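What follows is a set of notes on a single structure, which appears directly below.
The values are calculated or read from the model by the stated rules, or taken from the named source; none is laboratory data. These numbers were taken from a predicted model, which means no experiment stands behind them. Cβ coordinates were reconstructed from backbone atoms using ideal geometry, including for glycine residues, and neighbour counts include every protein chain displayed.
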Amino acid sequence: MTRAVAAGATADIAEAHRPHVVRRVLRRPAALSAAVVVLAFIAIAIAAAYVAPYDPLATDYRAVRKAPSPAHVLGTDEVGRDVLSRLVWGARASLLAGVVPVTIALAVSVPLGLLSGYAGGWIDGLIMRITDAMLAIPFLIVAIALAAFLGPSLVNAMIAIGIAALPTFLRLARGTVLTIKTEEYVESARALGCSALRVAVRHILPNMVPPLLIQSSITVAAAIIAEASLSFLGLGQQPPAPSWGSMLNAAQRYLSQAPWMALYPGLLIFAIVMALNVLGDGVRDALDPTQQ
Amino acid sequence: MKLGRYIAQRLVVLVPTLFFVSVLIFTLQQLLPGDAAIALAGEENDPAAIQAIRAKYALDQPFVVQYGLWIGRVLRGDFGESLRSRIPVRELLASKLPVTLELAVFSMAIALAIGLPAGVLSATYRGTPVDVTANLVALSGLSVPHFWLGIMLILLFAVQLGWLPASGYVPPWEDLRRNLTTLLLPSFVLGTGVAGVMMRHTRGAMLQTLNADYVRTARAKSVPERLVVLKHAMRNALIPVITLGAIEFGRLLSGAVLTEQIFAIPGFGKLLVDGVFNRDYAVVQGVVLVSAGLYVLLNLVADVLYFLANPRMRGSA
């Protein structure tokens, strides 16, 4: 009885604090408005079929590169497709490209980080040396090289970005494990006879959440820019499927004739990334005790 | 601890890192779909040519042997040759590096000129409109997709106003004026991103030092506030920022991929992207390897600067 209480104490505290953290984030006006913007983007992406006024792939050669007008609020592109409709559908690619790579990085780095930090020895040494090597190659270069080798597609771009983001997550996860491992409550749980697995899952894992959450919120924003960059280079979403990055690629050729083609996709990337960064700052401030 | 010993210690850690970098880069080539010899042969479908490539790169040998031969050549400075132009990759790298270096230096200068004063000001006037504005600008610099900012600046300053050239690069020894005007926009684009990071770190470090005991002591001694901020607080706050600057410079050397693409600047980034699209794997390997090497080296420089700037490190470490 006593043992169960002692062992479960930290996890209970973590759970009890969770709603509090969300409230603490949303109490900041900047973070609250950022959360509203992010939710609006998610809603638009989900309801793309209902929100978009036109088919994003429907070409109209009588309305090529038409400036914004009541019929096409944000104008048309080089083959007469409605820019607004393509932006709405492109939100799906961008948001997916933000979430999927982070999920990949988390799914790999949490178990590997636990293993590395917990096992130590040569396993830790090997994992960390490979992590160092990956960190030595800049993020976007890893993503570009991998996307090029895997072949151009949105899925491959997301995998490439996920792998490129992995070393940062892995190093953070391992570092957190090393810190938590020496905490008194972990030592007491171990002294009380908890198995290594139970200590890892019940005591260490919940306390890894705050730093990984902060890193995730930053990385979602970075991944959205990375996907746009890869699509801009032609290594991400393939035409005619819409993506903000590939729309910018096409727009570059008609800069003087059709500047609206370049303006809006970039503004949207800017808006969502800015909102995510503000939200990330809010999460960090709410979770980091030294900030209060 | 002596500086020499510190550097030697760091160099020892550097060797395995670079070893794993080279293994990663070499493995990437092995992941190529299909026969590497056919891929390397490019458009040549001649079986004899493919056979010659297989023999030349020892593609019929086991992975470890292939890696050994490859790294042996790389260590002697032989990165192979470009499939397209048949120019040795080493020569390509040597000709592009100065361009990227110049761009990185200009970008860093812009980043420092904006980031440092903004960080110091926003920490000194914490909570005022100055602070809010500086934070907003820094956050914008971090959030804006740089390639899009580049396109917008071309649209404004080259297409609409006609003040600056849209793209291209002229070496400084041919025409210094044109060289500077072509680099102004791309340096600004790259610099703003770094400025955002710089400002946030400077602000954080300044807030810490402004609350430190020695600053309170200085104020108690009625040292003028200007001196307290600039001498007592800023000097110490800049220590972590110096380290960050060296790391960010390393990132600039290789992170200019899209900016170079948009402004048609023939540097490392453009070499990489062209290599990717031409399936010119020797070029891609060369660029990634040298970028990683430079990045690791600048991280070492960052650590050494930190060591030199922070007297406490010398005593205790």
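Couple of notes before you dig in:
- Residues being more than 14 Å from chain A (Cβ to nearest Cβ) and under 28 Å from residue A:269 (Cβ atoms) are represented in segment B:168-179 by at least one member.
- Residue tally, condition within 20 Å of the chain's Cα centre (by Cα) and surrounded by 14 or more Cβ atoms within 10 Å (Cβ to Cβ), over segment B:111-124: 5
- Helices (runs of 4 or more DSSP H) contained in segment B:53-165 and holding at least 2 residues of a type in the set (Phe, Trp, Tyr): B:63-75, B:146-153
- Residue match in segment A:132-141 (condition: of a type in the set (Phe, Trp, Tyr), more than 10 Å from chain B (Cβ to nearest Cβ) and crowded, with 19+ Cβ neighbours inside 10 Å): no
- Where helices (runs of 4 or more DSSP H) fall entirely within segment A:123-238, those with at least 1 residues that are at pLDDT 85 or above and acidic (Asp, Glu) are at A:205-233.
- Every listed requirement among (1) in a helix (DSSP H, G or I); (2) within 14 Å of another protein chain (Cβ to nearest Cβ); (3) more than 19 Å from the chain's Cα centre (by Cα) is met by residue A:50 save one, (2).
- Complete set of residues in segment B:189-208 that are more than 13 Å from residue B:135 (Cα to Cα) and surrounded by fewer than 20 Cβ atoms within 10 Å (Cβ to Cβ): B:207, B:208
- Taking first residues from segment A:147-161 that are in contact (Cβ under 8 Å) with a residue 24 or more places away in the chain and partners that are of a type outside the set (A, V, I, L, M) and assigned to a helix (DSSP H, G or I), the Cβ contacts under 6 Å between residues at least 6 apart in sequence or on separate chains come to A:147/A:156; A:157/A:227; A:158/A:101; A:161/A:101.
- Residues of segment A:118-143 satisfying the condition of being charged (D, E, K, R) and more than 25 Å from residue B:294 (Cβ to Cβ): A:124
- Verdict on residue A:276 being surrounded by fewer than 23 Cβ atoms within 10 Å (Cβ to Cβ), in a helix (DSSP H, G or I), modelled with pLDDT of 90 or more and within 12 Å of chain B (Cβ to nearest Cβ): no
- Scope segment B:75-110; condition buried (at least 21 other Cβ atoms within 10 Å of the Cβ) and either basic (Lys, Arg) or without any contact (Cβ under 8 Å) to a residue 40 or more places away in the chain (or both); matching residues: B:96
- Of the residues screened, residue B:265 is one that is touching a helix residue (DSSP H, G or I) at 6+ places or on another chain (Cβ under 7 Å) and outside any helix (DSSP H, G or I).
- Check on residue A:147, under 28 Å from residue A:263 (Cβ atoms), within 19 Å of the chain's Cα centre (by Cα) and either of a type in the set (Gly, Ala, Ser) or within 13 Å of chain B (Cβ to nearest Cβ) (or both): yes
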